[in-house]
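A short worksheet on the structure shown next.
Every number in this text was worked out from the coordinates using simple rules, so none of it is lab data. All figures in this text were calculated on a predicted structure; none of them were measured in a lab. Quick reminder, even Gly has a Cβ in these numbers, built from the backbone with ideal geometry, and neighbours come from all protein chains shown.
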Amino acid sequence: MGEDAAPGANHRINNYEKYFNKSARRRKPTILRGFQKYLGTDMLYMAGGHPNTETFPITTAQLRLRDGRTLDIDEDEMKVALQYGDSRGSLKMREWLTELQRRFHDPPTLPPLGVSPSANSDMITILTNGCTEALSKVIGLVLEEGDSLLVEESTYPSVLNVIEPMGCKPVTIKNDADGLIPSDLSNILSSWNEAVSGRRPKLLYCVPIGGNPTGANLTYERKKEVYGLARKFDLLIIEDDPYYLLQFTRPLIPSLLSLDVDGRVFRCDTFSKLMSAGARFGYLSGPKQFLEKFIEWKDAEIGSSNILAETMIWKVLQNMGHDGYMEHGCRVANFYRQRSQRALRTADKHLKGLAEWSVPMAGMFLWMKLLDVEDSRPICQKLIQKGAVVVQGHIFCPASVKSPYIRVSYSYSSEADLDQGFSWLAEILRERQEQ
């Protein structure tokens, strides 16, 4: 990895100002939110526009777990849960998540246990409204109109929805069953012509585990190559990893964050796939200086995250502990592995010779190529008319107007639903062949 790095690139990033766009550099801390540092101290706090919690109708709550146990949110805890909170998330939650990141990834930029972050590239962890807020705000702090975002050729479409209104464009990197192909990324960057294509990209977005839509895992060897290229070409990386614990094999593939000696990786995690999708509760780990700018934006826009949802998730995590949470991740991964195997068997039963697919390595999706089909949209429309819905492939492929692919979710479909849906799809494809 170090052999590919440009001279002077083998050190921690000292200042992130060069990565911030004009809008980010103009952002200032929100003055009113700054007074929150006095909350919980001995000061008489008369500064905030906090409603009196005595006027709220909810006083306590009880959570019933799937195993029959109950967890109580008492009156004092509920007062905190119903009030405004810190945009970064509560200190106890951030400390718990930082320790989780230490156990999973041992990030090189994370200060030793008990030492507070101080350098600009020291890693911190903050709470977010799912991965989507994390990735959209990181992009929104870096890219200017006319800039390019490096993405995989089959990628999560919401990231495209983020950059399009900004006047930015995607630049696609080829991927296969092992994820993003580093040699193609290298070719793109080494041959970049600013006179023709505009400013050289400074941000890479990827879903490295259980790729959405492909279900592929970026191998550890490729991650090392990608990180080496990020150092060589001075890229920042958004590691959007909601399916990390849903890998179908153990041990878990090490993350890009685990390789990040410079402070150039922004790791997006979420509880949506393991605890509650409706809570919209995630966390972002990355360099201190950059995430402080992220919080300035969040303070001005929406303020604190959902403290009630945070309290509920915190009670469960506190009960589980770090080891229990990891064990829960193993159980959920096994659940989806079995679902994926069922989907593969059903596809083989109905669609052999009509479609091709890769075996998912994590996550919730089967990425299928319809044979002898140029554009899957008419097929998907006919399938809707029969009574089943899948996603047409072109929305995941920014470089293509048409795509022969479809994405099938097996996360909640029953065996009977899969059997019926794939049977209908086979009928449509055979009828098309006969025409």
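Structure data summary
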quantity: Between 0 and 90°, nearest 10: helix 288-301 axis offset from the chain longest Cα axis; calculated: 90
quantity: Semi-axes of the equivalent ellipsoid for segment 222-266, Cα gyration tensor, largest first, Å; calculated: 21, 11, 8
quantity: Unit charges at the beta carbon, dipole of the chain: most positive-side option, Ala362, Pro57, Leu351; calculated: Leu351
quantity: Arg26/Thr70 FRET efficiency (R0 51 Å; Cβ-Cβ; nearest 0.05); calculated: 0.55
quantity: Charge dipole (debye, nearest 20) of the chain; +1 at Cβ of Lys and Arg, -1 at Cβ of Asp and Glu; calculated: 220
quantity: Residues Thr60, Thr70 arranged by fewest to most Cβ contacts within 10 Å; calculated: Thr70, Thr60
quantity: Spread of Cα-to-Cα distances over 10 Å intervals beginning at zero, given as percent, for the chain; calculated: 4, 19, 28, 25, 16, 6, 1, 0
quantity: Acute angle (nearest 10 degrees) that the helix 91-105 long axis makes with the longest principal axis of the chain, alpha-carbon atoms; calculated: 40
quantity: For segment 44-59, Karplus couplings with θ = phi - 60° (6.51, -1.76, 1.60), whole Hz, Gly/Pro x; calculated: 7, 8, 10, 9, x, x, 7, x, 6, 5, 5, 8, 7, x, 8, 10
quantity: For segment 173-226 and segment 259-320, distance of Cα centres in Å; calculated: 25
quantity: The chain - mean residue ellipticity at 222 nm from DSSP helices (-39,500 (n - 2.57) per run, n ≥ 4, rounded to 500); calculated: -12000 deg cm²/dmol
quantity: Exposed GluC sites (Glu not before Pro) absent: longest stretch of the chain, with sites in DSSP loops and at most 16 other Cβ within 10 Å deemed exposed; calculated: 146-373
quantity: Sites excluded, chymotrypsin sites (Phe, Trp or Tyr not before Pro) in DSSP loops with at most 14 other C-beta within 10 Å, longest stretch of the chain; calculated: 46-411
quantity: Cα-based reach from Lys402 at 19 Å (exclusive), listing lysines while leaving out same-chain residues under 8 positions away; calculated: Lys169, Lys174, Lys369, Lys382
quantity: Helix axis angle, 415-434 relative to the chain longest principal axis, alpha carbon, degrees; calculated: 40
quantity: Gain upon complete extension [Thr41, Ser414; 0.36 nm per residue less C-alpha separation]; calculated: 129.0 nm
